[in-house]
Amino acid sequence: MDLKAGAQKTGKAELIKDATIETFERDVLEASMALPVIVDFWAEWCGPCRQLTPILEKAVTAANGAVRLVKIDIDKNKMLASQLRIQSVPTVYAFFQGRPVDGFQGAVPESQVKAFISRLSEMAGPPAGAVDLAAVLDAADKALAEGDAAAAAQAYADVAQISEEAADAHFLRAVAGLAKCRLATGDVAGAREVLALAPEAKKDDPVFNAVRAQIGLSEKSGVDIADLKRRAGANPRDFTLRMELAEGFAARGDMEAAIDELLAMFAADRSWNEEAARKKMLTIFEALGPTHPQTVQGRRRLSSLLFS
């Protein structure tokens, strides 16, 4: 991903490395004085090792610097394996403050590896200089809401760069945020390009669906609102015209006016065009997000009409 980052990213080479008997003291014992170090004892001929090691690497990367991983080939380090009494592989030890504190044997499931790393992270506390990605994203959301799309985009890009390998919730939220920044500047095509960066397995995540809803709403931005209001006021039963007006409000970001217009349409004729007014409201709610005050209030008003 070609995203400019302003925050420092802990390099993968710093988090994951190979070690030998000569570097064990430095890479494991000394390093563990600062934060937990996981040691993966493996061998080329070991099938379960080939299953476990990628899971360990992924989980360590996702931990964003809370732990480190050191890999040791027992065939190339037989004396070290003997000293540590490694009898089978894969064997995983965790060192903290210069001593072993936890471990397991065999190719355990990914969920167990995550729990193992979580225990180690809690033991050590947050690493020095760790970035609170959720706080950075919150600040980016605030900047975007206040109209500073440039500052928001930089923060979203920073988080995306840090969390890209993990492809976790922070990464998804950052990519969605970047797409919203493009929309805020009127770059609809750019927003679609950013959404294409989403992992294939996560393309239908609600955070991306919300941006797609915003893109759909933005496509009516060229309409003449004043003319539509005049014509709709003169023809209140022309629901096609009133839908254009509601879409125009939404396209320019006046969601409150759009919801008001759609609610009035729904109250006048809820079945018009297969409940098009209600469906358009649901699109707006999705674009705003479930906790947005206008979504909460709009859903409440819609429910009142549905059950009246």
- Restricting attention to segment 265-296, which residues are free of Cβ contacts under 8 Å to residues at least 12 places away in the same chain and part of a helix (DSSP H, G or I)? Lys279, Leu282, Pro293, Thr295, Val296
- Members of segment 34-73 that are more than 19 Å from Glu122 (Cβ to Cβ) and assigned to a helix (DSSP H, G or I): Gly47, Pro48, Cys49, Arg50, Gln51, Leu52, Thr53, Pro54, Ile55, Glu57, Lys58
- In segment 251-264, which residues are open to solvent by 50 Å² or more (accessible area, probe 1.4 Å) and part of a helix (DSSP H, G or I)? Glu256, Asp260
- Among Val67, Val113, the single one that is touching a strand residue (DSSP E or B) at 6+ places or on another chain (Cβ under 7 Å) and closer than 21 Å to Ser32 by Cα is Val67
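Yes/no matrix, rows are residues, columns are (1) of a type outside the set (S, T, N, Q); (2) touching a Phe, Trp or Tyr at 6+ places or on another chain (Cβ under 7 Å):
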residue: Val39; (1), (2): yes, yes
residue: Arg50; (1), (2): yes, no
residue: Thr53; (1), (2): no, yes
residue: Thr61; (1), (2): no, no
residue: Ile74; (1), (2): yes, yes
residue: Phe96; (1), (2): yes, no
residue: Arg99; (1), (2): yes, no
- Message: For Gln112, only one of the following conditions fails: (1) within 30 Å of Thr23 (Cβ to Cβ); (2) of a type outside the set (Val, Ile, Thr); (3) in contact (Cβ under 8 Å) with a residue 12 or more places away in the chain. What is its number?
- Response: (3)
- In segment 215-227, what count of residues is obtained for those that are assigned to a helix (DSSP H, G or I) and either of a type in the set (Val, Ile, Thr) or in contact (Cβ under 8 Å) with a residue 24 or more places away in the chain (or both)? 5
- Item | Residue tally, condition free of Cβ contacts under 8 Å to residues at least 60 places away in the same chain, open to solvent by less than 40 Å² (accessible area, probe 1.4 Å) and not in a loop (DSSP other than H, G, I, E, B), over segment 164-187 | 9
- Message: Would you confirm whether or not segment 100-111 contains a residue that is in a helix (DSSP H, G or I), at pLDDT 90 or above, more than 18 Å from Val28 (Cα to Cα) and not aromatic (Phe, Trp, Tyr)?
- Response: yes
- Write out, first by first residue and then by second, each pair whose Cβ atoms fall under 6 Å of each other, whose residues are 6+ apart or on separate chains, and whose first residue, in segment 228-241, is of a type in the set (Gly, Ala, Ser) while the second is surrounded by 13 or more Cβ atoms within 10 Å (Cβ to Cβ). Ala232/Leu241; Ala232/Arg242; Ala232/Leu245
- Message: I need a count of the residues in segment 190-214 that are farther than 22 Å from Thr61 by Cβ and either open to solvent by 60 Å² or more (accessible area, probe 1.4 Å) or in contact (Cβ under 8 Å) with a residue 12 or more places away in the chain (or both).
- Response: 15
- Item | Qualifying positions in segment 197-235 - over 25 Å from Phe285 (Cβ atoms) and out of contact with any Lys or Arg (no Cβ under 9 Å at 6 or more places or on another chain) | Leu197, Pro199, Glu200, Ala201, Asp224, Ala226, Asp227, Arg230, Arg231, Gly233, Ala234
- Query: Taking segment 133-163 on its own, how many of its residues are assigned to a helix (DSSP H, G or I), open to solvent by 50 Å² or more (accessible area, probe 1.4 Å) and either in contact (Cβ under 8 Å) with a residue 60 or more places away in the chain or on the phi > 0 side of the Ramachandran plot (or both)?
  - Reply: 1
- Message: Just to verify a result, which residue in segment 287-308, among those that are exposed (fewer than 15 other Cβ atoms within 10 Å of the Cβ) and of a type in the set (S, T, N, Q), is farthest from Ala276 (Cα to Cα)?
- Response: Thr291
- Message: Looking at Thr91, Thr53 in this structure, which one is of a type in the set (Ser, Thr, Tyr), under 19 Å from Ile16 (Cβ atoms) and surrounded by 20 or more Cβ atoms within 10 Å (Cβ to Cβ)?
- Response: Thr91
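The values are calculated or read from the model by the stated rules, or taken from the named source; none is laboratory data. Model, not experiment: these values are computed from the prediction. Positions of Cβ are generated from backbone atoms using ideal geometry, with glycine treated the same way; all protein chains shown enter the neighbour counts. The area values use the complete protein model at the heavy-atom level, side chains included, leaving out ligands, DNA and RNA. Shrake-Rupley method; radii C 1.70, N 1.55, O 1.52, S 1.80 Å.
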